[in-house]
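The structure under discussion appears below in the form of structure tokens.
The values are calculated or read from the model by the stated rules, or taken from the named source; none is laboratory data. All figures in this text were calculated on a predicted structure; none of them were measured in a lab. Here Cβ is always computed from backbone atoms with ideal geometry, including for glycine, and neighbour counts include all displayed protein chains. Please note that ligands, DNA and RNA were not included when accessible areas were found on the heavy atoms of the full protein model with its side chains. Shrake-Rupley method; radii C 1.70, N 1.55, O 1.52, S 1.80 Å.
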Amino acid sequence: MSGERSTQRIDTLVIGGGQAGLSVGYHLSRQGVPFLILDGSQRIGDGWRSRWDSLRLFTPARFNGLDGMPFPARPDYFPTKDEMADYLEAYAARFRLPIRTGTRVTRLTREGDRYVAHTTRGRFEADHVVVAMSDYQRARVPAFAAELDPTIRQIHSSSYRSPDQLSAGPVLIVGAGNSGADIAMELAGDRQVWMSGPDVGHIPFRIERRVAQRLLVPFVLRFVFHRLLTVATPMGRRARPKKLGRGVTLVRVKPKDLERAGVERVPRTTGTRGGRPVLEGGRVLTPANVIWCTGFHAGFDWIDLPVHGDREPLHERGVVRSHPGLYFVGLSFLYSVSSSMIHGVGRDARRIAGLITRRERVQPTEGTREAVAA
């Protein structure tokens, strides 16, 4: 089966097999709605496996389970990225979610009353489509990166795995968020490291400490991120544009940690001079490596429908009003700060699954009643 010669019909198509897609699938299965999950990776969890080797989650295991299945570790343990990947794979197997891996959606459009997904393994038609993906799919690198001397090793954080990938010599990390801070700490032991960018703030406590585990972490995750900062509260509506437009506050690494490790904080990188990076204020650095921790583009240009906003798709709590039957789950601050977090995505997934179920019962469509086997 390949190309456009094969067409399969399904009631609901879920695009993305990460935590958002699996959570949507779990709730659709409980509602009895036929669905299929498509994912471009070869294995469930590969989105986590592809991140840098030393990465650990910022949330302890008690907050890292999706609905219906706790994370299998002691509550205060901070899982590795591979352990998180294996958990997602086990989750999909436990609930027998219908998934097609190695199937990347290249275009989503609409023909008549159906959505059509063109993929690397055929064409799918659906009454409902849930785009269950984060809004950071494509690496963002400034245009002036092309002006750097070709002897400087350049890599984006999404491709960074370990120090072995780098050339000998100093490293400039462009971007002062969590990725930049974590990588800076890893590299600072045996080489000069500059970290460029404005201070994004930091959580004023150690997440690993017992008092934080008992009181502060639950308060922040369950109350502040999940209930207080939402689109339904005045405080949340004020905070949302700021959260979407800046880096995430440092969680594990503190400014004093960077200072003690010998990481030099420097201003923003604004361009090049003679093939070398130039900082705001005019200082020229001479790194052997540049790691771009400069974030991502949403990467939804494959959606060939007028749903593209300035910084995110046009939606209301994940519902695209202009295109009935089209939904998003997993976006940053879709409903709350926790919407893109493992412990928070289930609330949005449950709501969208309920909307699909109610819409299906009101407007049943012939020929879409059988799920496609994985």
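Go through segment 303-316 and give me each residue that's farther than 20 Å from Leu13 by Cβ and open to solvent by 80 Å² or more (accessible area, probe 1.4 Å). Listed by number, the residues that qualify are Asp310, Arg311, Glu316.
The set of residues from segment 193-207 being open to solvent by 90 Å² or more (accessible area, probe 1.4 Å) and within 20 Å of Val171 (Cα to Cα) comprises just one member, Asp199.
Here is a yes/no grid of residues against (1) under 28 Å from Met185 (Cα atoms); (2) assigned to a strand (DSSP E or B):
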site: Asp11; (1), (2): no, yes
site: Val14; (1), (2): no, yes
site: Gly21; (1), (2): no, no
site: Val24; (1), (2): no, no
site: His27; (1), (2): no, no
site: Arg30; (1), (2): no, no
site: Ile37; (1), (2): no, yes
site: Ile44; (1), (2): no, no
site: Trp48; (1), (2): yes, no
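Restricting attention to segment 122-168 and to residues that are in a loop (DSSP other than H, G, I, E, B) and at pLDDT below 95, the residue that is surrounded by the most Cβ atoms within 10 Å (Cβ to Cβ) turns out to be Met133.
Among the residues of segment 110-121, which ones are open to solvent by 20 Å² or more (accessible area, probe 1.4 Å) and either aliphatic (A, V, I, L, M) or assigned to a loop (DSSP other than H, G, I, E, B) (or both)? Result: Gly112, Asp113, Thr120, Arg121. Within segment 50-59, the only residue that satisfies the criterion of being closer than 22 Å to Tyr26 by Cβ and either open to solvent by 20 Å² or more (accessible area, probe 1.4 Å) or in a helix (DSSP H, G or I) (or both) is Thr59. Being open to solvent by 50 Å² or more (accessible area, probe 1.4 Å) and either more than 11 Å from Val290 (Cα to Cα) or among the polar types (S, T, N, Q) (or both), is that true of even one residue in segment 169-184? Checked against the condition, which is being open to solvent by 50 Å² or more (accessible area, probe 1.4 Å) and either more than 11 Å from Val290 (Cα to Cα) or among the polar types (S, T, N, Q) (or both), segment 169-184 yields no hits at all. Only residues that are under 18 Å from the mean Cα position of the chain (by Cα) and more than 18 Å from Phe296 (Cβ to Cβ) were counted in segment 176-200, giving 0. Here Arg210, Arg222, Arg237 are screened, and the one residue that is modelled with pLDDT under 90, surrounded by fewer than 16 Cβ atoms within 10 Å (Cβ to Cβ) and more than 18 Å from Ser179 (Cα to Cα) is Arg210. Within segment 240-259, the residues that satisfy the criterion of being open to solvent by 40 Å² or more (accessible area, probe 1.4 Å) and hydrophobic (A, V, I, L, M, F, W, C) are Leu244, Val248. The residues on offer are Arg62, Arg74, Arg43, Arg5, and the sole one that is out of contact with any helix residue (DSSP H, G or I) (no Cβ under 8 Å at 6 or more places or on another chain), farther than 16 Å from Ala132 by Cα, open to solvent by 50 Å² or more (accessible area, probe 1.4 Å) and at pLDDT 95 or above is Arg62.
Scanning segment 318-336 for residues that are open to solvent by less than 20 Å² (accessible area, probe 1.4 Å) and either touching a helix residue (DSSP H, G or I) at 6+ places or on another chain (Cβ under 9 Å) or part of a strand (DSSP E or B) (or both) returns Gly318, Val319, Gly325, Leu326, Tyr327, Phe328, Val329, Gly330, Leu331, Phe333, Leu334, Ser336.
Within segment 265-312, can you find the residues that are modelled with pLDDT under 95 and small (Gly, Ala, Ser)? Across segment 265-312, the qualifying residues are Gly295, Ala298, Gly299, Gly309. Could you please give the count of residues in segment 263-309 that are assigned to a loop (DSSP other than H, G, I, E, B) and not hydrophobic (A, V, I, L, M, F, W, C)? Residues that pass the stated criteria total 17. Scanning for something open to solvent by 20 Å² or more (accessible area, probe 1.4 Å), at pLDDT below 95 and at negative phi, does segment 91-109 turn up at least one residue? No, segment 91-109 contains no residue that is open to solvent by 20 Å² or more (accessible area, probe 1.4 Å), at pLDDT below 95 and at negative phi.
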